[in-house]
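Chemist: A single structure is presented below for examination.
The values are calculated or read from the model by the stated rules, or taken from the named source; none is laboratory data. Since the structure is predicted, the reported quantities are computational estimates derived from the model, not experimental observations. Note that we place each Cβ from the backbone using ideal geometry, even for glycine, and neighbour counts take in every protein chain shown. All accessible areas refer to the heavy atoms of the entire protein, side chains included, with ligands and DNA or RNA removed. Shrake-Rupley method; radii C 1.70, N 1.55, O 1.52, S 1.80 Å.
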Amino acid sequence: MSYAYASCFALAGIILIIIMSARTSATIESVLITGANSGVGKECARQLSLLPQMKRIVLGCRDRVKAQEAKVDLERATRSRSTTNEMGVVFEILILDLSNIESVKGAIEELTDPVDVVVMNAGGLGGKTPGRVLEDQGGFSSIFCANVAGHVVLLDGLVEAGKLSRTAIYAGSEAARGLPVMGYPRPRIVTGSVDKFQSICICDGSFFADSRDAKTMYAHTKYVGALWMGSASRQYPQHRMIAVSPGATSGTNSAAHMGPVVQFVQKTLLFPLLKLLGNAHGVEMGARRYVDAILDEGTYQSGHFYASDGPNKMTGGVVDQMKLLDDFGKEDYQDNANAAIHSFL
């Protein structure tokens with residue numbers, strides 16, 4: 001890294017601190033981030049560590065070795081130490097696998113002190129078998145468990161244990177309202193009944209009879225996840241519940257379990273082309289969307305889903321997605337999606 005680049009990077013960090021501090025309407029001192037060992041999750045931890053009042057950031061990760069590496073990197077970047085708040089932000093490691101419900105429950109018990117914010121960032125395209133039904137995980141499909149069900153268990157457990165004091169952020173996706181330019185179909189739910197949403201949760205063929213490809217399942221999974229957050233805002237009215245898409249973000253591990261060919265295409269061809277066309281951004285901007293939602297309580301309203309502001313846009317400004325798909329504002333859809341998820345738990 002050149003001296004000029006390093007200086008610009010440091011200056012950007014200082015400016016970010018000033019902007020975020022000015023917008024903060026509440027004292028946020030602690031946060032738990034899932035999928036925090038890399039990509040948007042790790043960058044979100046770095047950005048939040050710049051807040052003057054931040055004291056503790058819990059890195060929720062599946063792999064302890066990767067979590068420790070991320071912790072060391074973040075401590076080096078923020079000049080913090082894990083042993084004392086006097087030296088800066090304390091980074092802690094919490095091992096949890098969102099695709100394993102018992103792992104999530106164990107992590108909640110292991111979390112010793114409450115957090116102000118949870119950022120439910122972990123997820124992905126579900127690996128090589130996204131529709132595989134996990135009989136030992138309530139019957140959810142692999143892709144649904146990793147993206148939604150595990151976070152439902154986490155959020156319920158944190159609130160019920162008194163370990164979440166303020167805000168929950170869920171990683172939404174533009175795919176949830178359809179993204180034709182990328183081949184993600186627009187979810188079309190005619191009735192919005194509990195049983196219809198149940199068929200999406202398990203991906204058993206009753207809903208995806210004509211198409212079981214990862215993109216179709218991912219789009220509908222994120223659709224249900226956004227609806228769930230709307231219902232959760234009424235289930236837990238004392239908390240802020242917000243779904244926010246990080247947008248088309250390069251430098252993530254979203255295709256980590258999709259095989260080497262898919263990973264190569266995404267990393268070396270797809271995202272460079274999207275960035276060249278102005279329809280993708282780096283992890284800094286993806287994480288900034290989370291941070292904005294946490295701090296700007298006037299703009300980001302509980303129970304709403306925010307993502308890019310056009311039907312084929314994946315970067316730039318965000319808007320309430322009800323403007324693009326009115327399903328996200330239907331309370332009966334939201335509550336039925338929530339009920340469908342909990343029917344398996």
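Chemist: More than 15 angstrom separation, counting every C-alpha pair in the stretch 275-345; what % is that?
Modeler: Working: 1581 of 2485 pairs.
Pairs farther apart than 15 Å: 64 percent.
Chemist: Taking the stretch 141-213 on its own, what percent of its Cα-Cα pair distances exceed 21 Å? Mind dumping the intermediate values first?
Modeler: On the way: 1049 of 2628 pairs.
Distances greater than 21 Å cover 40 percent of the Cα pairs.
Chemist: Over the Cα atoms of the stretch 72-228, compute the convex hull volume and normalise it per residue, giving Å³.
Modeler: Values: hull volume 22.2 nm³, N = 157.
Hull volume over Cα atoms, normalised by residue count, gives 141 Å³.
Chemist: I want to check the label-to-label distance for Arg64 and Asp320. Put each point 7 Å from Cα in the C-beta direction and report it in nm to one decimal.
Modeler: Here the answer is 4.6 nm between the modelled labels.
Chemist: Using Cα pairs closer than 8 Å and at least 6 residues apart in sequence, work out the relative contact order for the stretch 116-244, in percent.
Modeler: Details: 197 pairs, mean separation 41.5, N = 129.
Relative contact order here is 32 percent.
Chemist: Whenever you get a sec, compute what percent of the accessible area on the stretch 101-141 sits on carbon and sulfur atoms (1.4 Å probe).
Modeler: Values: 850 of 1830 Å².
Accessible surface attributable to carbon and sulfur in the stretch 101-141 totals 47 percent.
Chemist: What figure, in Å² to the nearest 10, do you get for the accessible area of Asp195 with a 1.4 Å probe and non-protein molecules left out?
Modeler: Counting only protein heavy atoms, Asp195 exposes about 100 Å² to solvent.
Chemist: In the structure displayed, which of Lys71/Lys128; Lys196/Lys222; Lys66/Lys163; Lys71/Lys105 lie more than 20 Å apart, Cα to Cα?
Modeler: Working: Lys71/Lys128 29 Å; Lys196/Lys222 15 Å; Lys66/Lys163 25 Å; Lys71/Lys105 23 Å.
Where the Cα-Cα span goes over 20 Å, the pairs concerned are Lys71/Lys128; Lys66/Lys163; Lys71/Lys105.
Chemist: Still on this structure: With every protein chain kept in place and ligands, DNA and RNA left out, what is the accessible area per residue of the stretch 85-170? Probe 1.4 Å, answer in Å². Don't skip to the answer; put the middle values down first.
Modeler: Numbers: 3090 Å² over 86 residues.
Per-residue value: 36 Å².
Chemist: Now for a separate question. May I ask for log10 I(q)/I(0) of the stretch 42-122 at q = 0.20, 0.27 Å⁻¹, from a Debye sum over the Cα atoms as equal point scatterers with solvent left out?
Modeler: Log10 of I(q)/I(0), two decimals: -0.91, -1.48.
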